[in-house]
Amino acid sequence: MSNIAVGGTGANITLNPDEMTTIFNQLQDIITELESNVTPNINKLGKLNYYEAGKAKEAIEVYAEANEKLMDLYDNYVRASTLVIDILNTMIETDQAVAEQIIAKLEV
């Protein structure tokens, strides 16, 4: 566990470096999956012109919006990962012993 002082407020936050590195690694796994499998397949599906005309044309156009929402999901995971890295960096700056644990867990 690590206690981090919150910007001059006198409040402390207790974090578990093992859990934070686990969260980061799991976020990275999700991001990798989205980058290597989901995104290319979304792009391929988006290029298909399987419904050219008819009464449902407008409804089918929602599919592109759904693909965009999936890409928003990717952006959200990247943002979450960035925030976790910021937390880990703060922990590293705050406590050298915690820094060594984080570095060992991330294998860097």
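Taken together, the values in this text are just the output of simple stated rules run on the coordinates, not laboratory data. Predicted, not measured: the structure shown is a model, and the values here were computed from it. Glycine gets a Cβ as well: all are built from the backbone with ideal geometry, and neighbour counts include every protein chain shown.
Can you match percent of Cα pairs over 22 Å apart to one of these, (i) 51; (ii) 35; (iii) 47, based on a calculation from the structure here?
The value matching this structure is (i).
In debye, nearest 20: dipole of the chain around its Cα centre with unit charges on the Cβ of K, R (+) and D, E (-)? Spell out each step's value before the answer.
On the way: 7 positive and 17 negative charges, 79 e Å.
Dipole magnitude for the chain comes out near 380 debye.
Quick check: pseudo-label points 7 Å beyond the Cα along Cα→Cβ at Glu58 and Asn25, how many nm apart are they?
5.1
Using the Cα centre of the chain as origin and beta-carbon charges of +1 (Lys, Arg) and -1 (Asp, Glu), tell me which of Ile23, Gly46, Gln101 is placed farthest towards the positive end of the dipole.
Of the listed residues, the answer is Gly46.
In nm, give the distance between the simple-model label positions of Asn12 and Glu35, each being 7 Å from the Cα along the Cα-to-Cβ direction.
Using points 7 Å along Cα→Cβ, the separation is 3.7 nm.
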